[in-house]
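The values are calculated or read from the model by the stated rules, or taken from the named source; none is laboratory data. Nothing here was measured: the structure is a model prediction, and the numbers come from that model. Here the Cβ positions follow ideal geometry from the backbone for every residue, glycine too, while neighbour counts run over all protein chains shown.
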Amino acid sequence: MPQDPNSNYGSDPHNPYGAAPQDPRYLPPNASTPFGAPPAGPYPPTPPPVYPPYPPYPAYPPLPYPGPGPQGYGYGYPPPYGGPGYPGYNPPPTPKTPLKEALRQLPQQYLRVLTRPSAATFANEMGKADWNVIWVQLLAYALACVILYYIFFQESLHILISLPPFSAAFNNPNMNSQLLLASMQTSLTTSAISQIISAPLRIFFSVGIYYLIAKLFKGKGEFLTQLYSTLLFFVPLDIITLLLMLIPFVGWVLAFALSIYSIILYIFMLMAVHQFSGGKATLVYFIPAIVGFILLAALIAFYVFLIYSIMHTMPQSYLSLWHG
C-alpha cells in the first residue's frame, strides 16, 4: 500500500506501520506542534490540593442509667434499652447520700414502693442502700413494735377478761385475781419490751434465709441491697398492720389483705435485686413455705403413725379401760 509522503509511518524499521506520532507534550522547545496542540513543556508541577482539616468528633458524655421503660421491660427477657434483665448487668453505683438527706428522702421512697409496685421501682431505689439508713430504720421499727405490741397486748387482755369463762374465774373469791392479773400484765409487758431485740433479729433471719435461697438460684444481688430493699416496704406495712389489728374484725381483714400485698412486693424486690424472672422469684419466695409444709405434714404423719402403733400394741384390757 502506498504511503503518504507527509506521513511519518515507516520511519521505524522495527515497525512496518511506522512510528506513532509523538506526544506534543514531550517535544523539544520551539518544535512544531501538529494538530494545533498546546506549546511543549516542561510544565511546572501542579501542587496537591489542600483541604481544610476535618473538625474533631464531639466527646459524647457517658449515658446515664436509663431507668424503667414505659412498658416495664427488663424482667424475664432483655429490654430494648439495656439495664435490668441483661445477664451480668449491675446498676451504676449511686453517690453516697448523707444520712440526714437519706432519712429525709425515706418517706418518699416508702410511698413510691407501696404505690408503684413493680420490679422497676425497686431497681431505681436499691442503689441507695446504706448501712447507716438500715440501722436507723431497724431501731425505729423496734421502738414502734414495743409501743404497738404493748397496746395490743393490753387490749387483748381486757377483751380476754371480759369473756364469760375468764370473767367468772377472775371473780372467783377463792382465787387471787389481782395477783393473777398483775402477773399476766407483767408477762405481756416483758414480751412487748423484748421486741426491741427480737424484731430486728426476725428481719435479719428472714432476709438471710431468702438471700441464701436466691444465691442457690444464681441470684446477682448482695445482702445489703436485699436488706435495704426489704425494709422499704416491710417497715411501713408491718407498722400499718399492727395499727389495723387494734380495730376489731375489720382491722384483721385489712391486715390479712396487706399480708397478701407484701408477698407481691417481696417477689418484685427479688426480681429487681437478683435479676430474676417473675416465675423464679415466686419460686424462691415460696420455697420456705413449701419446705415448712412438707416438714409439718411429715411430723403429723409420724405422730399419727406413732399413736396408731401404740394403740395396736396396747393390751386389750387397757383399751377397754380407755373406752370406758
- Message: With the structure loaded, tell me whether residue 220 is of a type in the set (D, E, K, R), outside any helix (DSSP H, G or I) and surrounded by fewer than 21 Cβ atoms within 10 Å (Cβ to Cβ) or whether it fails that test.
- Response: yes
- Query: Given the residues 127, 74, 69, which is the only one that is within 25 Å of the chain's Cα centre (by Cα), surrounded by 13 or more Cβ atoms within 10 Å (Cβ to Cβ), at pLDDT 70 or above and closer than 21 Å to residue 271 by Cβ?
  - Reply: 127
- Task: Answer with yes or no whether residue 276 is within 21 Å of the chain's Cα centre (by Cα), farther than 30 Å from residue 151 by Cβ, outside any helix (DSSP H, G or I) and touching a residue at least 12 places away in the same chain (Cβ under 8 Å).
- Result: yes
- Task: Within region 200-216, track down each residue that is surrounded by 15 or more Cβ atoms within 10 Å (Cβ to Cβ) and touching a residue at least 60 places away in the same chain (Cβ under 8 Å).
- Result: 200, 203, 210, 213, 214
- Message: Every residue in region 233-243 that is farther than 11 Å from residue 152 by Cβ and surrounded by fewer than 17 Cβ atoms within 10 Å (Cβ to Cβ), please.
- Response: 239, 240
- Task: Enumerate the pairs (first residue in region 173-189 and more than 17 Å from residue 151 (Cβ to Cβ); second residue anywhere and assigned to a helix (DSSP H, G or I) and at pLDDT below 75) with beta-carbon separation below 8 Å, excluding pairs fewer than 6 apart on the same chain, so at least 6 apart or on different chains.
- Result: 175/169; 177/169; 177/170; 180/170; 181/161; 181/170
